[in-house]
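Quick notes on the structure that follows.
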Amino acid sequence: MTILPQYDGAGLRTAVRRELQRGRDFVDETEPDALVTVAVASVSLLAAFVGFLAVSSLTAIPFAVFLVATGYGWIRHQELTARVLTLTTTISTILILGLILVFIFAEAWPTVEYATMTVFGIPIPGLRLFVETRWSPVTPPIRYSLVPMIHGTVLVTIIATAVAAPLGVAAALFLSEIAPRTVRELVKPGVEILAGIPSIVYGFIGFTILSPWASDQFDIVGQGTYLFVGVVVGLMALPTVVSVAEDALNSVPESMKSGSLALGTTDWQTMTSITLPAAFSGVSAAVLLGVGRAIGETMAATVMLRGSPGLTKPLYNVFYGNDTLTSLIAANYGDADGLQLSALFVAGVILFITVLFLSIGSQYIEARMRQKLGGTD
Amino acid sequence: MTETTQSTDAEQAAESTQTTGIDIEGGTGQPLEVTSGETREQTRDEWVEYEFDGAAKLAVEDLDVYYGDDHALKSVSMEIPENSVTALIGPSGCGKSTFLRCLNRMNDRIKAARIDGSVALEGEEIYQDGVNLVELRKRVGMVFQSPNPFPKSIRDNISYGPRKHGDLETGFLAGLLGRSDDDAVDDLVERSLRQAALWDEVQDRLDDNALGLSGGQQQRLCIARALATDPEVLLMDEPASALDPIATSKIEDLVHELAEDYTVVIVTHNMQQAARISDQTAVFLTGGELVEYGETEQVFEDPESQRVEDYISGKFG
Amino acid sequence: MAGAVESSLVNEDTSGTETIAASAVGLAAVLFALSLAALFEFVAITDPIAGVSMVVLLGALLVVLGAAVVAFGVGSRLGYVATQPRPSAGLVASVAFAGLWFVVGGLVASQTLGLGTVGWGATALVTGGVAFAATALPREDIGSTLPAGSLAILTGVIFLAGIIGPSWVWDLGWEQQASFNAEFAIPVVTAFCSLLAGWASAKAYGGFGARGRHVGAYVLVYLNALSIIAVLFLLVAFTVLKGLPGLFNGLAFGPGAGPETTLFGVTFTLPVSWPFVMNGVALLNDINGVLPAIVGTIWLVIGAVVFAVPLGVGAAVFITEYAERGRFTQVVEVATNGLWSTPSIVFGLFGLAFLVPRLGNGKSLLAGMLTLGFMLLPLVVITSREAMLAVPDEYRDASAALGVSKWQTVRSIVLPAALPGIVTGIILGVGRIAGETAPILLTMSGSVAPPGSQTVDVIGGFEFTTAPPFVDNPELLQATSALPYQLYSLITAGVGQSSNIANIDEFRWATALILLVVVLSFYAVGIATRYYFRRKLQHE
């Protein structure tokens, strides 16, 4: 199984021809009545969607037609209607991803255009967002540099990964290989509950307990440090790492583990030499997903950070915490409009693209692992 | 009917003995002593007495195994002579694989299993406190039902055991300190692969991934891997059940040769195979009972138990 | 073969040496606990314990522990203690100790001796190199004990000699000021050293070699699992303790105690008065509460479920039952997984750009519902699909063989069999979205401390109009509050803006607690359902 389809012209053409043929057969075989119903439903839904996009108050009319048509179809031609409805839901799932992309890109564009910079006579849109470090939406010159926030996100993510990855993988090893059954049945729901604690609660505890404590301990001026935001976010990413890594470790065939033990190795040797290497890609996918969680974590960062965009001095000073991409959005959306709001969307685009790539990357790695353990490699 | 009760998956083994336990437990939950076509008879102690010269390599006494409420092995006693092939035969779910896994304590992996009784390796009890499982399994090697090579190169598969035992040192640090045993590894790999009759087929691709080998080759690799740790006893759990006839006959020849230097205990579902390769045969029948144990020829040609005769002649099982 | 290890089947009686190693492990555990106590300020580092101050005690214990570890290693090397060490401690340990001693050497040279960059660099390199050689070259029993033990001894001596005393401060000298003080550094360094020495003594307990490494690693892995559980427990327990007073403030039972309620046209008085969950915030209230936020959260969850569950289950049915496995299903899989990992704030932005202008051009409950629905959707698709894939194909084949049509099979065979999995997935997903703040922050947030009159009444809000879209519900198109948002706004609002609330701190913690209770009960129900069905399946 490959995630990324390989396109080749001839294969695609045959596929298209086959689909067309299938479509023709479908039209020939289906009752005209059912066909009309389905067609009416599809067209009206499409119209409703277009109406919604166009902010029309008439949207309700095609939507009502759609409801009536599907209702009629459900009673008279349930088989076909069910099929078409489920197809519609599938398409809308993909559509939502597409809409997110389109809308946040469209909203982000004005600022990207504003931040055009000319290099060797070629204007590059958005470059100034990344080469300057000044974020100043009010006092001129008005600049929307995202560098300080990217710096903050990177620092927080590194610290969070340093917390979540080793502890998470060790906990996954414990759960899948070491823990006696009764302990596992207690610890596993515990880890899941850890995932369930809302991020704002973590943020609240961080804000009221951890931040004042840190200011006191490290003689920091004011409150808010990347270090402790990173630790809290790492704790929040931990359950993701644990559960995905545990799945990967469990998917290593028991026969391989027994084979190693039967040669007279210790459990620990079996884990480090057989189980972990065999599950390596799954475990790294788990870490990637954890990194994605850490990058996208918003509320803890928003309430624990200072909310004043700027680089820390020196750059590796993790005892000060200004803003991350996520906290920038959450803290500024309220009084932002125009270009500043658009700049927040740029931050959103960066987050979305980064995490999407991490997600696709981890899926690809996992698919590779399944293939490898399947023995076809 | 194929033997499915003891898969290589240890956890599954426990479960499947419970769930596929039609042979053991009827739908009513009452113990069902016989499969269809099997007659009832009382097992007699003298049927399992087998005299041989020399000391016993493995001596089993009153071994009982329970999986939860399931009594999988009932008071089994037998002595296994050195440098010979002992075949364990019997219908599905009769406990022969369970018995085999008791000999190197692989049943410890199954959390639900409870084991009573005594197994002694050269007179030393292996079910007592302070037994070094690592040492035990070094001396009692095992080959599983379906081939389970590690997803590593052929060379690394063979040298895995000795490296983990600290008998061979390879790797960056050893190389740095001039202690690397690369030559010894090469010797070991060649010797083990030759013993397992695989050398000629793979000598040019020792660094290829072992998962790329055919099923029969993988199983011989697993045998070579077990031999590389220099065990005294080799346990084989239906090593040929997943293989084609040609690969099977290669494994059979191999087992025969191995008996010169090793004590081989082999579980098989195939009675012809047992008759061909073994010196003595133990017959387990339904309910986890050892019914008859003796010289292979005697067991197959003139069994003392009526049930064993019925089983061997194919009336049930 | 180099270093062939002789070992017997049954371990000889080594209880004497094992006891020594085990007590070293115990001492390390005590030290670790003491340093945690000092770190969390249960004990100040200047407090006298057993007649000496905490620092001196920690230092002395470190020296004892380090000496025990080194002594065990040397004893093993000289043959007084029976062990099975390898010829070398291994690359991982060597690199780790080299890195550690590099840092120690550098710090001592630059901070204590005051050498310049070249000086401390050279010193660090030398100590690191020596540590590498000391770990890699000798036999494992020396290699894994000497560097660890001597580090503990060195640290202990530094504490005892007062080089790092209670008044010690290390100003990092950065432009933005930050410094390490003794109250932080001493416990953390002690904890680290005790971990290291504990690991070394655990290895010694296992007699080094394969078994020793096994024991050493297991100690660390168990400690890790234990700390995760401890952190979880502390978090929950702390929130509960802080939140309880505010939550049950003014709770009263008895007939007529509660407010008047109208339900299905019948007006009656509740027998219980629980102000925190029955009131809003108002100047005249004796005790303020979060009723609007609770009701808002309930409606949010209902809206999101109504939107996402049919869509998600439908999509899962299509890709599992109708679509052929191929590019299309792969695209759907990648898309749902991508949606699943999309940060919640991005969903918020999307709601802000897509929904808010189209739904009454303002933040509204409906926009919040749909945004959370978008978030819930991928989880519903993924879990429903997993549940349906787990339904054995034989069921489908058996049904198809009876001439039942595809949809009938799905409806009467596949969906009922997959229902437990789907329901569990939905419950867990609801738990997740019920606690989400970021998306509703951008799409539906209302006032900081909403009065009781702002409690949404969705059912009563429906009205029909003559102009399109014919149905109107101002309640749905109004900004409102929800628990996570309420907590967020309480944190950021500061005291001034919510001066109506008398004890703001108590109020916040109570809000946090009630949010935690709501979300965790979803999780508890979800996990319990899963266990219930799993157990049921196993017993069938």
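The values are calculated or read from the model by the stated rules, or taken from the named source; none is laboratory data. A quick note: this is a predicted structure, and the numbers were derived from the prediction, not measured. Cβ coordinates were reconstructed from backbone atoms using ideal geometry, including for glycine residues, and neighbour counts include every protein chain displayed. Only protein heavy atoms, including side chains, enter the accessible area calculation; ligands, DNA and RNA are left aside. Shrake-Rupley method; radii C 1.70, N 1.55, O 1.52, S 1.80 Å.
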Practice problem: Note down the net charge around C:GLY421, summing +1 for each Lys or Arg and -1 for each Asp or Glu among other residues with Cβ under 12 Å from its Cβ. | Solution: +2
Self-check item: Contact order relative to length of segment A:9-113, as percent, for alpha carbon pairs under 8 angstrom and 6 or more apart
Solution: 21 percent
Quiz item: Taking springs between alpha-carbon atoms closer than 10 angstrom, which of A:SER56, A:SER211, A:SER243 fluctuates most in the Gaussian network model of chain A?
Solution: A:SER56
Quiz item: Per Stokes-Einstein, at 25 °C and 0.890 mPa s, what whole-number D in µm² s⁻¹ belongs to segment B:150-212, with the Kirkwood radius over Cα pairs as the hydrodynamic radius?
Solution: 203 µm²/s
Quiz item: Hey, what did chain A get for relative contact order, percent, Cα under 8 Å, at least 6 apart?
Solution: 19 percent
Quiz item: Taking C:LYS242 as the anchor, which aspartates and glutamates have their alpha carbon closer than 12 Å to its alpha carbon, excluding any fewer than eight residues away along the same chain?
Solution: C:ASP505, C:GLU506
Exercise. Would you work out if segment A:9-113 is rounded, prolate or oblate? Take a ≥ b ≥ c from the square roots of the eigenvalues of the alpha-carbon gyration tensor; rounded if a/c is under 1.5, else prolate when a/b is larger than b/c, oblate otherwise.
Key: oblate
Quiz item: Relative contact order for chain C: what is it in percent, counting Cα pairs under 8 Å that are at least 6 residues apart?
Solution: 13 percent
Quiz item: Within segment A:153-255, which chymotrypsin sites (Phe, Trp or Tyr not before Pro) sit in a loop by DSSP and count at most 10 neighbouring Cβ atoms inside 10 Å?
Solution: none
Quiz item: Over its Cα atoms, what ratio of radius of gyration to 2.2 N^0.38 Å does chain C give?
Solution: 1.33
Self-check item: Reach of A:LYS257 by Cα under 28 Å, taken over lysines that are not fewer than 8 positions away in the same chain
Solution: A:LYS188, A:LYS372, B:LYS57, B:LYS96, B:LYS111, B:LYS138, B:LYS152, B:LYS164, B:LYS250, C:LYS203
Quiz item: Hey, any idea what the orientation-averaged projected area of the convex hull of segment B:129-182's Cα atoms comes to, in nm²?
Solution: 5.4 nm²
Self-check item: Separation in nanometres of the label points that stand 7 Å from Cα toward Cβ, at A:GLN371 and A:LEU311
Solution: 4.1 nm
Quiz item: Taking the Cα atoms only, what angle lies between the long axis of helix C:291-317 and the longest principal axis of chain C, rounded to 10 degrees?
Solution: 90 degrees
Exercise. Compare each residue of segment C:155-204 in its chain alone against the assembly with all protein chains, and report those whose accessible area goes down by 20 Å² or more; 1.4 Å probe, heavy atoms.
Key: C:TRP174, C:GLU175, C:GLN176, C:GLN177, C:ALA178, C:SER179, C:PHE180, C:ASN181, C:PHE184
Quiz item: Taking chymotrypsin sites (Phe, Trp or Tyr not before Pro) as exposed when DSSP calls them loop (any state but H, G, I, E, B) and at most 16 other Cβ atoms lie within 10 Å, what is the longest stretch of chain B free of them, the sites themselves excluded?
Solution: B:128-317
Exercise. Could you work out the local net charge near C:VAL281, counting Lys and Arg as +1, Asp and Glu as -1, over the other residues with Cβ closer than 14 Å to its Cβ?
Key: -1
Practice problem: Once you have all Cα-Cα distances for segment C:288-509, histogram them in 5 Å bins from zero and send the whole-percent values. | Solution: 1, 7, 13, 15, 15, 13, 11, 9, 7, 5, 2, 1, 1, 0, 0
Self-check item: FRET efficiency for B:SER249 and B:PHE52, using Cβ-Cβ distance with R0 set to 25 Å, rounded to 0.05
Solution: 0.35
Quiz prompt | Percent carbon-and-sulfur accessible area, the protein assembly as shown, ignoring ligands, DNA and RNA, probe 1.4 Å | solution = 62 percent
Quiz item: So, in nm, how far is label A:VAL36 from label A:LEU20 when the simple model puts each one 7 Å beyond its Cα toward the Cβ?
Solution: 2.8 nm
Quiz item: Looking only at segment A:49-85, which residues have a backbone nitrogen under 14 Å from a spot 7 Å from the Cα of C:LYS406 in the C-beta direction?
Solution: A:78-85
Quiz item: When the chain is fully extended, how far beyond the present Cα-Cα distance does C:GLN176 get from C:VAL118, taking 0.36 nm per residue of separation?
Solution: 18.3 nm
Quiz item: How much accessible area per residue does segment A:82-175 have, in Å², with a 1.4 Å probe?
Solution: 44 Å²
Quiz item: Can you give the FRET efficiency for B:LYS111 and A:GLU113, using 1/(1 + (r/R0)^6), R0 = 41 Å, r = Cβ-Cβ distance, to the nearest 0.05?
Solution: 0.05
Practice problem: Count the net charge of all other residues whose Cβ sits under 11 Å from the Cβ of B:ASP182, scoring Lys and Arg as +1 and Asp and Glu as -1. | Solution: -3
Self-check item: √(5λ) per eigenvalue of the Cα gyration tensor, segment C:19-122, largest first, Å
Solution: 27, 26, 12
Quiz item: Counting only the heavy atoms of the protein chains, how much of B:ASP53 is accessible to a 1.4 Å probe, in Å² to the nearest 10?
Solution: 150 Å²
Self-check item: Shape metrics for chain B, restricted to C-alpha atoms - Rg then Dmax, Å
Solution: 20.0, 68
Quiz prompt | Distance from segment C:27-101 to segment B:93-125 (C-alpha centre basis), Å | solution = 41 Å
Quiz prompt | Solvent-accessible area lost in complex, 20 Å² minimum, residues of segment B:98-123 relative to chain alone, 1.4 Å | solution = B:MET106, B:ARG109, B:LYS111
Self-check item: Coarse-grained scattering of the protein assembly as shown at q = 0.05, 0.09 Å⁻¹, given as base-10 log I(q)/I(0) from a Debye sum over alpha-carbon atoms
Solution: -0.45, -1.30
Quiz item: Per residue, how much space in cubic angstrom lies within the convex hull of the C-alpha atoms of segment A:146-373?
Solution: 132 Å³
Exercise. Name the shape class, rounded, prolate or oblate, that the alpha-carbon gyration tensor gives for segment C:182-241, where a ≥ b ≥ c are the square roots of its eigenvalues, rounded holds for a/c under 1.5, and otherwise prolate holds if a/b is larger than b/c and oblate otherwise.
Key: oblate
Quiz item: Okay, which of segment B:112-139 sit inside 11 Å, backbone N to the point 7 Å along the Cα-Cβ direction of C:VAL10?
Solution: B:120-121, B:123-132
Quiz item: Ratio of segment C:173-215's C-alpha Rg to 2.2 N^0.38 Å, to two decimals?
Solution: 1.84
Quiz prompt | Square roots of 5 times each gyration tensor eigenvalue, C-alpha, segment C:47-175, largest first, Å | solution = 29, 23, 9
Quiz item: Karplus couplings for segment B:75-81 from phi (6.51 cos²θ - 1.76 cosθ + 1.60, θ = phi - 60°), rounded to Hz, Gly and Pro as x?
Solution: 6, 8, 10, 7, 10, 10, x
Quiz item: Can you pull the three principal axis extents for the Cα set of segment C:287-410, in Å, largest first?
Solution: 64, 34, 23
Exercise. Treat each spin label as a single point 7 Å out from the Cα along the C-beta direction, and report the C:ASP47 to B:GLN128 distance in nm.
Key: 5.0 nm
Quiz item: Using the reciprocal of the averaged 1/r over all distinct C-alpha pairs, how large is the Kirkwood radius of segment A:13-72 in Å?
Solution: 13.0 Å
